[in-house]
2 protein chains.
Amino acid sequence: MIDDETVRQLGLRLRIDSIRAAATANSGHPTSSMSAADLMAVLMARHLRYDFDAPENPNNDHLIFSKGHASPLLYSIYLAAGAITEEEFLTYRKFGSRLQGHPTPVLPWVDVATGSLGQGLPIGVGVALAGRDLDRLPYRTWVLCGDSEMAEGSIWEAVDHAGYLGLENLIAIIDVNRLGQRGPTMHQWDLDSYANRAQASGWHTIEIDGHDIDAIEDAYRDAEATEGRPTMIVAKTHKGSGASETDNVEGKHGQPLKDPEKAIHELGDIPPVHIQVQKPESTGIPHRFEVDPSTPRPRYEVGGDAVATRRAFGDALAALAQRRGDIVAVDGEVGNSTFLELTDQAEPERYFEMYIAEQQLMAAAVGFQVRHWTPFAATFAAFLSRAYDFVRMAVISQAKVAIMGSHAGVSIGEDGPSQMALEDLAEFRALGTSTVLYPSDPNQTAALVDAMADIPGISYMRTTRAALPTLYEPGEEFPVGGAKVLRSSAGDQVALISAGYTLHEALKAADALAEEGISARVIDLYSIKPLDLEILAAASTATGGRFVTVEDHWPEGGLGSAVVDAFADADARPRVVKLAVTHLPGSGTPDQLVNDVGIGARHIAEAARELVARGPQIPVGVGAGQD
Amino acid sequence: MIDDETVRQLGLRLRIDSIRAAATANSGHPTSSMSAADLMAVLMARHLRYDFDAPENPNNDHLIFSKGHASPLLYSIYLAAGAITEEEFLTYRKFGSRLQGHPTPVLPWVDVATGSLGQGLPIGVGVALAGRDLDRLPYRTWVLCGDSEMAEGSIWEAVDHAGYLGLENLIAIIDVNRLGQRGPTMHQWDLDSYANRAQASGWHTIEIDGHDIDAIEDAYRDAEATEGRPTMIVAKTHKGSGASETDNVEGKHGQPLKDPEKAIHELGDIPPVHIQVQKPESTGIPHRFEVDPSTPRPRYEVGGDAVATRRAFGDALAALAQRRGDIVAVDGEVGNSTFLELTDQAEPERYFEMYIAEQQLMAAAVGFQVRHWTPFAATFAAFLSRAYDFVRMAVISQAKVAIMGSHAGVSIGEDGPSQMALEDLAEFRALGTSTVLYPSDPNQTAALVDAMADIPGISYMRTTRAALPTLYEPGEEFPVGGAKVLRSSAGDQVALISAGYTLHEALKAADALAEEGISARVIDLYSIKPLDLEILAAASTATGGRFVTVEDHWPEGGLGSAVVDAFADADARPRVVKLAVTHLPGSGTPDQLVNDVGIGARHIAEAARELVARGPQIPVGVGAGQD
């Protein structure tokens, strides 16, 4: 075991390096790093089991800095471990450096991006749960939390779940340095205020002086020996510890020290300390679940019973989980509405109930994919807005998570607006490289569920509550980025473009228009992002640039905007009449509400009629594509 | 005092009416209503102080159904109180009815929309805080919570804050009926699991049998007598209580009873019970703060020091708060970054620190406006995504809340992507009648802050971290829905449209283009929603439909999409080259990052040059407006 004096020196050197990092960057959070330096020194010297040469070793412990702003400390640990060079260390926060202001998985030793507070612990719950119930390996998950972030409800969702689940492989270290960004925290050095709450949720808790090496050592040993429940080490620390300029001094958050040299001198001018972090003892391999690769995708007959896309999602996911052992379902206690319960029935060991806690729901999914499981997280689309920051950060983590939101739009009917997602397409489109799908039929839904399992990054599927007729034969292909032309003829005068519930309204509108002698092309835009530019361009050309888009969504940022955006810079730009939800809906039947907000078949037909009457909006036959 | 027998009968009748409501609607949540019927019977008969004829009486207690799905119970209370007729009662969940599936303020006695779980209690914290520290009136805030929603972190943010704030006027009633939507809750009937956590946060807690009238009575008296801390009554109840079909029976969530008549018979066929709810004893009037109406709006000189729009926001809000006594600032512990701390310095009694708890931040703001205060809630724009569901629900509540998000986009620099809002414009645009502002200059910011105080509904202002040159003279007017033309001449060949940091890049690009003999119109699109269609149409006409939009945001749903959307259905549609953030940024200087992601002056100039080279995209001089 590395001796006390070396550990003490390491604690000082981690402070010094944190100061140096911020000094070279002229920004950053050295004081938030210094408070946790001793806690991390003992951890890296004696307790962490991590092979820095093989970050993909499944037996590695996980160390998550929930207080991501303490990145100087994290990078100082990497320096001390020999994972990065002094030269790279000095690139901290510089353009092109892997050592960003807050940690991201651009670094191979970082599991997830942090920096939005309160996310590391709930993601840690996901990693620890994967360790126990999926990988079935003895690695531990260590999470360093700040005291400011203990005000985030997401932390307490994690505490509640970890306690309930009895995750003995999860150890939270709370760096109670008393000072937040602009002043004292709510509970300052009242360690009990944290420990008592965690205890009430079933945690083992230990309160210590976070600068007492022996106390830290004892706490980690105690945590490692604790069975059947997670451990929270609540450590009283000094922000900016060890330097007179900053030690427990207010107004020192998020800034380099004014006199780094003096501080480094006060810290003993400790030279670089190199630590060989211990490698995992376990050489186990992750558990693999038995599957039946021949399990077929569900099939729905055209002309059969109407099937809601949420139901088809549930059927398809259950089949996929039987076919592929990496698939994991994460529920927000609505599995009888999202039909995630079918996966619970089919593969109970790969179904996780996160109850009504959407942040923990998303965080668990992110944690599972850290360990290369393929999570599908599902709840009502409206309630995914509760986890938007977690999805935003998952994008920065380049996490692969499939998300399904059910009960989209006013077509849910009687439950009223609180349950109606009317902003989810905009929400998920506006996230970098996200994928957004909106199926209209059960066979299509099933095919897209299979596809989602292989889409990198965040993929989102919007489904409807109402049962809808089956439009496509089983076995038809639906590539991501595609669209389907459901009605088409040489003389099409207008294109009706929609997806989901309102696509079926568009089909009715096309029938009505046909009776009047108006030929309408109908496009099923099941892939909202990416879009099928070819099919759209062809439709624009054929119809003389006359488009009606229809969506059960607010007018901004959804399906219609996606179509309009696609042609923004095109040579020939169709005229697009966007039909969307015009006003705040109430309760009613789906049909009443769809008509009330202006997205029913008659509104579509009316808009199409007016557009046709105007004549072509671009010369018919002129290409509308990007050049 | 209304006698025990009447209260007991009321409890049964509230069950019966809940069953009747769901039966007539053929949907809804009668069993979740029945569990809390006795709790609400005792409350309405003896403890609630509410004048149903004068819902605006400032002395009224507040009753918030955090478990909004128990709307049958709430409406049964209104029926028993004589607030609604039997005829209206039977319109439950029908199209056009005020009695929607989940409560909304369409009803004058409902403070806020609920139905997204975990929101009523944090909003109740806001109302109670308004009562104690703003109105300074003795009304109480009663919040009925379900046990399922106790899994939401937002509930525990509220518990933490209410305990910390010592809100003795807040009483939470937890209806622990053990059963969630698809099965047992995490903690089932473990009342301690809730009470111990609340106690650890400083609450007075009382555990009772929620069907024992005497125990309920004692608990309310105890709560009313409790000083210096909030009270949580944790009540063990039976879901579907009192009817053999449903009493503590699984699988009965969210559905009408199969045999309502039998259940009503089992409940004693109690006839309608009419209760005169007691009116408030207090006749106090809300506290009013002394102000100096002559406090001037801050002024910034053109050519003076560069000023960040977040700083101007802070200056302007502090001045506004000194001028108007209804203004309240709500901080997420970043007031030294958002400059909300200037309001703290100027008007400390109207500044509220909600710490790092963005859901409680937004909920407090919603609670304040329930009592007609005008809240400004501010944090980093990126972290507003944490509260998106609260903003979504605030739209349904038709709440008036001004929201400021700072540190937008890659131009924040070194802190990296976790701190960069790149989706906030899309997020806030996609919310019904929201207003979205994005100022480019400090005088403009100050004027828009003043305007926000009078904008109904949700208004959002995006500000930048970086200091920017002052473009406008003090005193210039900036109507919401307006835009400013900063460069314009008769021969403009292209329009550069932007706001915030990148508007200044557009100005640089225009200078560079001018040197090459290309005349570019520059438009400051400070109001993203609503848009100034007139200025945009004129620019399209003048430039032959050649637009370059630039934004420090993902490409979807932001400023560029707003412009493209505005012309979707226009007779003449400009060609719009949208410049936006192309890939996940890292750390670096603002200038490095802006150029890395393709939104710098040289990218703008290049796009403009290419567009000009193409020639006009619509006939110059042809109107581009809607017809």
Problem set entry | Residue under evaluation B:I264, criteria (1) open to solvent by less than 10 Å² (accessible area, probe 1.4 Å); (2) in a helix (DSSP H, G or I), criterion not met | (1)
Exercise. What are the residues in segment B:453-490 that are of a type in the set (A, V, I, L, M, F, W, C) and out of contact with any helix residue (DSSP H, G or I) (no Cβ under 9 Å at 6 or more places or on another chain), if any?
Worked result: B:I455
For this session: Residue by residue through segment B:99-115, note down the ones that are within 19 Å of the chain's Cα centre (by Cα) and surrounded by 22 or more Cβ atoms within 10 Å (Cβ to Cβ).
Result: B:H102, B:P103, B:T104, B:V110, B:D111, B:V112, B:A113, B:T114, B:G115
Seminar exercise, completed: (1) out of contact with any strand residue (DSSP E or B) (no Cβ under 7 Å at 6 or more places or on another chain); (2) open to solvent by less than 10 Å² (accessible area, probe 1.4 Å); (3) away from chain A (no Cβ under 12 Å) all hold for B:P456 apart from (2)
Problem set entry | Some residue of segment B:204-216 being away from chain A (no Cβ under 14 Å), without any contact (Cβ under 8 Å) to a residue 24 or more places away in the chain and not charged (D, E, K, R) | yes
For this session: Return the pairs, sorted by first residue and then second, in which the second residue is surrounded by fewer than 24 Cβ atoms within 10 Å (Cβ to Cβ), the first residue lies in segment B:357-376 and is among the polar types (S, T, N, Q), the beta carbons are less than 8 Å apart, and the residues are 6+ apart or on different chains.
Result: B:Q369/B:K400; B:T374/B:R324; B:T374/B:D326; B:T374/B:K400; B:T374/B:A453
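For every residue, the table says whether it meets (1) of a type in the set (A, V, I, L, M); (2) under 18 Å from A:T295 (Cα atoms).
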{"residue": "A:T309", "(1), (2)": "no, no"}
{"residue": "A:F313", "(1), (2)": "no, yes"}
{"residue": "A:L320", "(1), (2)": "yes, yes"}
{"residue": "A:A346", "(1), (2)": "yes, yes"}
{"residue": "A:I356", "(1), (2)": "yes, no"}
{"residue": "A:F368", "(1), (2)": "no, no"}
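Rundown of residues vs (1) among the acidic types (D, E); (2) surrounded by 21 or more Cβ atoms within 10 Å (Cβ to Cβ); (3) over 15 Å from A:T141 (Cα atoms), yes/no style:
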{"site": "A:E157", "(1), (2), (3)": "yes, yes, yes"}
{"site": "A:L170", "(1), (2), (3)": "no, yes, no"}
{"site": "A:G180", "(1), (2), (3)": "no, yes, yes"}
{"site": "A:N196", "(1), (2), (3)": "no, no, yes"}
{"site": "A:D212", "(1), (2), (3)": "yes, no, yes"}
{"site": "A:A223", "(1), (2), (3)": "no, yes, no"}
{"site": "A:P230", "(1), (2), (3)": "no, yes, no"}
{"site": "A:S241", "(1), (2), (3)": "no, yes, yes"}
Problem set entry | Hits in segment B:449-479 (condition: polar (S, T, N, Q) and closer than 18 Å to B:A308 by Cβ) | B:T463, B:T464, B:T470
Seminar exercise, completed: When segment B:45-98 is checked residue by residue, the ones that are open to solvent by 10 Å² or more (accessible area, probe 1.4 Å), within 16 Å of B:P256 (Cα to Cα) and assigned to a helix (DSSP H, G or I) are B:H69
Exercise. Scanning for something under 22 Å from A:R297 (Cβ atoms), small (G, A, S) and assigned to a helix (DSSP H, G or I), does segment A:451-458 turn up at least one residue?
Worked result: yes
Seminar exercise, completed: Within segment A:331-342, of all residues that are under 20 Å from B:R178 (Cβ atoms) and open to solvent by 10 Å² or more (accessible area, probe 1.4 Å), the one nearest to the other protein chains (Cβ to nearest Cβ) is A:N336
Seminar exercise, completed: Picking from B:D532, B:D524, B:D511, the residue that is under 30 Å from A:K94 (Cα atoms) and of a type in the set (D, E, K, R) would be B:D511
Exercise. When you scan segment A:530-605 for helices (runs of 4 or more DSSP H) that lie fully inside it, which ones turn up with 2 or more residues that are small (G, A, S)?
Worked result: A:533-543, A:559-566
For this session: Take B:E152 and decide whether it is surrounded by 24 or more Cβ atoms within 10 Å (Cβ to Cβ), among the charged types (D, E, K, R) and within 14 Å of chain A (Cβ to nearest Cβ).
Result: yes
Exercise. When you look at A:P417, is it open to solvent by less than 10 Å² (accessible area, probe 1.4 Å) and more than 11 Å from the chain's Cα centre (by Cα), yes or no?
Worked result: yes
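Matching residues to (1) in contact (Cβ under 8 Å) with a residue 60 or more places away in the chain; (2) under 23 Å from the mean Cα position of the chain (by Cα); (3) more than 27 Å from B:G240 (Cα to Cα); (4) more than 8 Å from every other protein chain (Cβ to nearest Cβ):
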| residue | (1), (2), (3), (4) |
| --- | --- |
| B:L117 | no, yes, no, no |
| B:P122 | yes, yes, no, yes |
| B:V125 | yes, yes, yes, yes |
| B:L134 | yes, yes, yes, yes |
| B:Y139 | yes, no, yes, yes |
| B:V159 | yes, yes, yes, yes |
| B:I171 | yes, yes, no, yes |
| B:L179 | yes, no, no, yes |
| B:A198 | no, no, no, yes |
For this session: Hey, can you tell me all the residues within segment A:569-602 that are without any contact (Cβ under 8 Å) to a residue 24 or more places away in the chain and either more than 10 Å from every other protein chain (Cβ to nearest Cβ) or buried (at least 21 other Cβ atoms within 10 Å of the Cβ) (or both)?
Result: A:G598
Exercise. Which of the residues spanning segment B:198-210 are part of a helix (DSSP H, G or I) and open to solvent by less than 50 Å² (accessible area, probe 1.4 Å)?
Worked result: B:A198, B:A200
Exercise. So A:L384 clears everything in (1) of a type in the set (A, V, I, L, M); (2) away from every other protein chain (no Cβ under 13 Å); (3) surrounded by 24 or more Cβ atoms within 10 Å (Cβ to Cβ) except one condition, right? Which one?
Worked result: (2)
For this session: Look at segment A:310-330 and say how many of its residues are basic (K, R), touching a Ser or Thr at 6+ places or on another chain (Cβ under 7 Å) and surrounded by fewer than 24 Cβ atoms within 10 Å (Cβ to Cβ).
Result: 1
Exercise. Taking the stated definitions as given, is A:T338 in contact (Cβ under 8 Å) with a residue 60 or more places away in the chain and among the hydroxyl-bearing types (S, T, Y)?
Worked result: yes
Problem set entry | One residue from A:T464, A:T445 being away from chain B (no Cβ under 14 Å), part of a loop (DSSP other than H, G, I, E, B) and surrounded by 24 or more Cβ atoms within 10 Å (Cβ to Cβ) | A:T464
Problem set entry | Only listed residue being under 21 Å from A:L531 (Cβ atoms) and more than 8 Å from chain B (Cβ to nearest Cβ), chosen from A:A613, A:A605, A:A566 | A:A566
For this session: Would you tally the residues in segment B:528-549 being open to solvent by less than 10 Å² (accessible area, probe 1.4 Å) and within 13 Å of chain A (Cβ to nearest Cβ)?
Result: 6
Exercise. Here are some residues: B:Q322, B:Q345, B:Q359. Which one is of a type outside the set (A, V, I, L, M), at the interface with chain A (Cβ under 9 Å from one of its Cβ atoms) and not in a loop (DSSP other than H, G, I, E, B)?
Worked result: B:Q359
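The values are calculated or read from the model by the stated rules, or taken from the named source; none is laboratory data. Just so it is clear, the structure is predicted and the values come from calculations on it, not from any experiment. Because the Cβ atoms are built from the backbone with ideal geometry, glycine has one as well, and the counts that use them run over all protein chains shown. When the accessible area is computed, the model is the full protein with side chains, heavy atoms only, and any ligands, DNA or RNA have been set aside. Shrake-Rupley method; radii C 1.70, N 1.55, O 1.52, S 1.80 Å.
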